[in-house]
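Student: Handing you this structure, nothing more for now.
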Amino acid sequence: MNATPCQSTCPYCGVGCGVSVTEQAITGDSQHPANSGVLCVKGSALKPSLDMPSRLLYPKLNGQEVSWDVATDTIVEKLKQAVVQHGAHSVAMYVSGQLLTEDYYLANKLMKGYLGTANIDTNSRLCMSSAVAAHIRAFGEDVVPVNYNDLEHTDLIVICGANTAWTHPVLFRRIQAAREVNPELKLVVIDPRKTVTAEQADLHLAIDSDDDVLLFNGLIRYCLDTGAWDDEFIAAHTQGIEALREEVMDPQYSLAALSAKLNISYTDLSRYFSWFAQTPRAVTLFCQGVNQSEYGVDKANAIINAHLVTGKINQRGCGPFSMTGQPNAMGGREVGGLANQLAVHRGFDDESIAKVEQFWQAPNMATEPGLKAVELFDAVSRGDIKVLWIMATNPVVSMPNSIEVRKALKACDFVIVSDIIADSDVAEYADLLLPAAGWGEKQGMVTNSERVISRQRQFRTLPGEAKPDWWAINQVGQKWCAQNHWQNGFGFQTPAEIFREYAALTGINRKSRFQLDLSMFQALSDSDYQRWQPTQWGGERPFTNHLFSTPSGKAQLVVTKPLKRDVSGLWLNTGRLRDQWHTMTRTGFVAHLAASEPEPRVYMSAATAKQHGVEFAQLVKLKQGEHSVYAKAAQDEGLAGEQLYMPMHWAGRYGGQSQVNQVVLSHHDPISGQPAFKSSAVELCTQPVASYGLYLGEQFDLKRCEYLSMQQEQNVKMWRFASIDGLSKQEWQAQAARRLLLDTDRGWIGVECRKVQDQLWVSRICMVSNVPIECDETQLIQCIDAPLNLATLLNAATLGHRSKLVCSCFRVTDTQITRAMQKQGCVTLSDVQQTLKCGTNCGSCVSEIKQLIDEKGVASPLSQTQPSQAQYDQVIAQTVIDK
Ligand SMILES: Nc1nc2c(c(=O)[nH]1)N[C@H]1C(S)=C(S)[C@@H](COP(=O)(O)OP(=O)(O)OC[C@H]3O[C@@H](n4cnc5c(=O)[nH]c(N)nc54)[C@H](O)[C@@H]3O)O[C@H]1N2
Ligand SMILES: Nc1nc2c(c(=O)[nH]1)N[C@H]1C(S)=C(S)[C@@H](COP(=O)(O)OP(=O)(O)OC[C@H]3O[C@@H](n4cnc5c(=O)[nH]c(N)nc54)[C@H](O)[C@@H]3O)O[C@H]1N2
Ligand code: SF4
Ligand SMILES: [Mo]
């Protein structure tokens, strides 16, 4: 790498922060409009994330290394067999919002122009498709009409169904900074959970699952009653007002009725409504609490309606703002990678099909929408899909009803998986594994939430035979054309060439009602592509003069009904953690990201736990029909009512036993097809466990446990396990040489040593207890690969309070913060920050620190009474040390 920093874009969330890469460090790019140099904890950990374990380096066919030539020949042959025998719709691709625009464009072209099927869907179906459908219904096109800087020029920010402090941290920091500048700026959070985001709001409305439409219709009604409708705007720029008025006049939307129905106090409800009604400027941000629902499209439209009827749109500081999840979810939507979109914001109408067909000179054009993710995997399950190419996504973890998805893949004739690691959960099902180039090894464009197109740049050489995804698709495309004696539509040599073709294709939108037009870049030179700077398409206000993309130019007000599935009893809410990314393949092994939430937990309030006979820290089982999942019970008083919360991340080597989607059914929105990941009915069962354990070493080689998770810590791996039948000392003894076995009052501790010169050094530790183990794990880790020191080891192993990592950037725990308050005289947030530096980098943990200060530290004792020397001697006397 040369000395000038390489300017690129963070590969995680849709905020799309710019990064600056040098040999030494990866830091925020101060020139990038999304972040002005700031990065969150995940972005700050990009450098260690590059050293991933089990990198996939060579194509593998049925487990055997093969050349790319053989691999791509095989794909073409399998495609041909399937198409000839079963028709075009028997093949499919399942791709990802983490692909670059060029990868995505080519995948879409291959499927829809050359294989004759629109069976190409993407994980964005699980993520953005409800927002996409709502935008199309309301605006006539999937356009986000807001910019990040609107957050700095508004009077009210509403965050609905998003935990922005954790999931779009840099954006949340901008919101917090704006509130500091303008103390009048209000923040309202609508979320059934009292999240870290909600804690920092002026008002938190803890609605029940899926009560959003009811709430927003009520808001619209309130605005009508208080004269806050913008009648001029409504008349000139919208259609459908009569039907909407009729809906919201229903008595259920009167403030009093609504307050009772939503179970939200009259005062809180009217505060939010009056703030929204009275201020001329308001932005409503939304994400998965809205999208991932059986009513996701209606929820998004209800939000958009509220902005349309009050005219709070298309002007500075105003608008409904769907935040995108993945780094290029937006780019994927632009090229048209959803099965129900054709390309460049066009659907499957005759005119669009003809235009795209002509542009591509497509020999085999898809003429109807393909299968959406859930339907697609159902089709795989039925045996209707014979060849499936999965790229940059891990559906056996991230799809609902994931056990069925696994079964379907197992039965599928030919599964191709393009990934960067060899042992992702989905790789297990691949007949053909293709090594993709990862972040930093490939280059191309990504579009963020505010339509800013930025470059990801290459700053590393390609390892092994890894190739960019576009390259693999291009090879297959070329061979497919040759096979069919068609003109080659896949002669691309560089991503720049692909980008130019994509930009040229968007030219079909010029002088049409569609906004997406990048045709000014169709002749972009290679060097201009290389030098590309973040560029927003559509400008700050795409709907200039309030001209929307509908045929009439008016925005459509969509009548939305407050429907709701009756989840009687417990309902399971799922989502994200601050420091992990999706199925953990890129963040699970980064020690300081793993430390803040080291094992799979299911959260609930003390009342819910009590009601179900559950004790915190113990193993519990969530059941849904015949499927179940194990996790440790943990407390979160932010969960109202009968609500459970479990992170979506646990997968692979890190917590592969505890994949929550095993108990999430595939109910989905009828329009968008987006699964309802936030509201599953589950049973919560206690689970008697004979042995809880902690195992530190290189490799876990004890018997298979029902519950097993792994935390990577520098050079040590630490497993937490629970075995229902129990784990015997004999099993450990049969395994370990040079072992110590220490009996404790609740179990035993096994220590395996090796001789280094004349000293005993610790190589493995196994602690087993009949109660959940809470001990000083950080200290225990330090005992590995160090001379045996029984006093330290036992002290670390003493059951007591387990420190929780609060600040990941500086690795500061709750215990340290408490100590700073009790022993170092820290009183305020800034005292603590000055003493420990915590919360001074990305700031994601500030509210957790504040909470500790308010609660005056952690409740558990800081230190355990240490055993006396006599006790140690006694233990050592009882110990067996092998020769
Ligand atoms: N740290 C981290 N950040 C990420 C990601 C990650 O994996 N890790 N992934 C990125 C991606 S792809 C995405 S899509 C985004 C997702 O970003 P978010 O949507 O902010 O994240 P989630 O945690 O999925 O869920 C959001 C919230 O919806 C709430 N919710 C559940 N049901 C309802 C409901 O009925 N109504 C309302 N109003 N709220 C409800 C949940 O309690 C939860 O707090 O995050 C992006 N950023
Ligand atoms: N219960 C529950 N489930 C959910 C959600 C939820 O909130 N709750 N959220 C849903 C949402 S919004 C999303 S976005 C999905 C995310 O779910 P997934 O897309 O399945 O998650 P990732 O772990 O990001 O998967 C990306 C895969 O691509 C690999 N990879 C990384 N870079 C590259 C590359 O450049 N090329 C290739 N070919 N491969 C690469 C990674 O190693 C990884 O295996 O999960 C969904 N599932
Ligand atoms: S906010 Fe998102 S884009 Fe920015 S550094 Fe964090 S993960 Fe990366
Ligand atoms: Mo997502």
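The values are calculated or read from the model by the stated rules, or taken from the named source; none is laboratory data. The structure presented is a predicted model; accordingly, all values stated were derived computationally and were not measured. We place every Cβ from the backbone using ideal geometry, glycine too, and count neighbours over all the protein chains shown.
Student: Among the candidates GLY97, GLY113, which residue alone is more than 16 Å from ligand 2 (Cβ to nearest atom), modelled with pLDDT of 95 or more and assigned by the TED database to the domain that holds ALA472? Explain how you work it out, then say what you get.
Tutor: Numbers: GLY97 fails: more than 16 Å from ligand 2 (Cβ to nearest atom).
After ruling out the rest, the residue left standing is GLY113.
Student: Okay, moving on. What about VAL380, is it of a type in the set (Val, Ile, Thr) and touching a Leu at 6+ places or on another chain (Cβ under 7 Å)?
Tutor: Against the criterion (of a type in the set (Val, Ile, Thr) and touching a Leu at 6+ places or on another chain (Cβ under 7 Å)), VAL380 qualifies.
Student: Can we say GLU357 is free of Cβ contacts under 8 Å to residues at least 24 places away in the same chain, over 30 Å from LEU224 (Cα atoms), outside the structural domain of GLN239 (by the TED database) and not in a loop (DSSP other than H, G, I, E, B)?
Tutor: So GLU357 does not fit the description; no.
Student: Hey, TRP275 hits all of (1) more than 28 Å from ASN573 (Cα to Cα); (2) among the aromatic types (Phe, Trp, Tyr); (3) surrounded by fewer than 15 Cβ atoms within 10 Å (Cβ to Cβ) but one; which does it fall short on?
Tutor: (3)
Student: Residues to consider are GLY655, GLY625; find the one that is surrounded by fewer than 20 Cβ atoms within 10 Å (Cβ to Cβ) and not assigned by the TED database to the domain that holds LYS42.
Tutor: Selected residue: GLY625, the only one of GLY655, GLY625 that is surrounded by fewer than 20 Cβ atoms within 10 Å (Cβ to Cβ) and not assigned by the TED database to the domain that holds LYS42.
Here is a yes/no grid of residues against (1) over 26 Å from ALA722 (Cβ atoms); (2) aromatic (Phe, Trp, Tyr); (3) outside any strand (DSSP E or B):
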{"site": "TYR529", "(1), (2), (3)": "yes, yes, yes"}
{"site": "GLN533", "(1), (2), (3)": "yes, no, yes"}
{"site": "SER549", "(1), (2), (3)": "yes, no, yes"}
{"site": "LYS561", "(1), (2), (3)": "yes, no, yes"}
{"site": "ASP566", "(1), (2), (3)": "yes, no, yes"}
{"site": "ARG586", "(1), (2), (3)": "yes, no, yes"}
{"site": "LEU593", "(1), (2), (3)": "no, no, yes"}
{"site": "GLU597", "(1), (2), (3)": "no, no, yes"}
{"site": "TYR603", "(1), (2), (3)": "no, yes, no"}
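Student: Give GLY331, GLY336, GLY317, GLY296 a once-over and let me know the one that is within 16 Å of ligand 3 (Cβ to nearest atom) and of a type outside the set (A, V, I, L, M, F, W, C).
Tutor: The match here is GLY331.
Student: Tally time: how many residues in the stretch 437-452 are assigned to a loop (DSSP other than H, G, I, E, B), among the hydrophobic types (A, V, I, L, M, F, W, C) and within 14 Å of ligand 3 (Cβ to nearest atom)? Step through it out loud before you land on a result.
Tutor: Our first condition is that a residue be assigned to a loop (DSSP other than H, G, I, E, B); within the stretch 437-452, this holds for 437-443, 448-451.
Applying the additional criterion that residues be among the hydrophobic types (A, V, I, L, M, F, W, C) yields 437, 439.
Retained after the next criterion (residues that are within 14 Å of ligand 3 (Cβ to nearest atom)): 439.
Summing the residues that are assigned to a loop (DSSP other than H, G, I, E, B), among the hydrophobic types (A, V, I, L, M, F, W, C) and within 14 Å of ligand 3 (Cβ to nearest atom) in the stretch 437-452 gives 1.
Student: Would you confirm whether or not the stretch 184-194 contains a residue that is at positive phi, crowded, with 23+ Cβ neighbours inside 10 Å and out of contact with any His (no Cβ under 8 Å at 6 or more places or on another chain)?
Tutor: no
Student: For the stretch 434-451, state whether one or more residues are modelled with pLDDT of 95 or more, within 17 Å of TRP537 (Cβ to Cβ) and within 13 Å of ligand 2 (Cβ to nearest atom).
Tutor: Looking through the stretch 434-451, at least one residue is modelled with pLDDT of 95 or more, within 17 Å of TRP537 (Cβ to Cβ) and within 13 Å of ligand 2 (Cβ to nearest atom).
Student: Now, a different point. Do you know which residues across the stretch 125-142 are surrounded by fewer than 24 Cβ atoms within 10 Å (Cβ to Cβ) and either outside any helix (DSSP H, G or I) or within 16 Å of ligand 2 (Cβ to nearest atom) (or both)?
Tutor: Selection gives GLY140, GLU141.
Student: Let me ask another. Applying the selection to the stretch 15-32, what residues are part of a loop (DSSP other than H, G, I, E, B), out of contact with any helix residue (DSSP H, G or I) (no Cβ under 7 Å at 6 or more places or on another chain) and away from ligand 3 (no atom under 12 Å from the Cβ)?
Tutor: Once the filter is applied, which keeps residues that are part of a loop (DSSP other than H, G, I, E, B), out of contact with any helix residue (DSSP H, G or I) (no Cβ under 7 Å at 6 or more places or on another chain) and away from ligand 3 (no atom under 12 Å from the Cβ), the stretch 15-32 yields THR22, GLU23, GLN24, SER30, GLN31.
Student: Tally the residues that are more than 10 Å from ligand 1 (Cβ to nearest atom), crowded, with 24+ Cβ neighbours inside 10 Å and in a loop (DSSP other than H, G, I, E, B), restricting the search to the stretch 311-333.
Tutor: 4
Student: Could you check the stretch 266-310 and list, in sequence order, the residues that are in a loop (DSSP other than H, G, I, E, B) and within 24 Å of the chain's Cα centre (by Cα)? Talk me through it step by step, then tell me what you get.
Tutor: Going residue by residue through the stretch 266-310, those that are in a loop (DSSP other than H, G, I, E, B) are 279-281, 287, 292-295, 310.
CYS287, GLN292, SER293, GLU294, TYR295 - these are the residues of the stretch 266-310 that are in a loop (DSSP other than H, G, I, E, B) and within 24 Å of the chain's Cα centre (by Cα).
Student: Check off (1) within 28 Å of the chain's Cα centre (by Cα); (2) aromatic (Phe, Trp, Tyr); (3) more than 26 Å from ALA373 (Cβ to Cβ) for TYR94 and give me the number that stays unchecked.
Tutor: (3)
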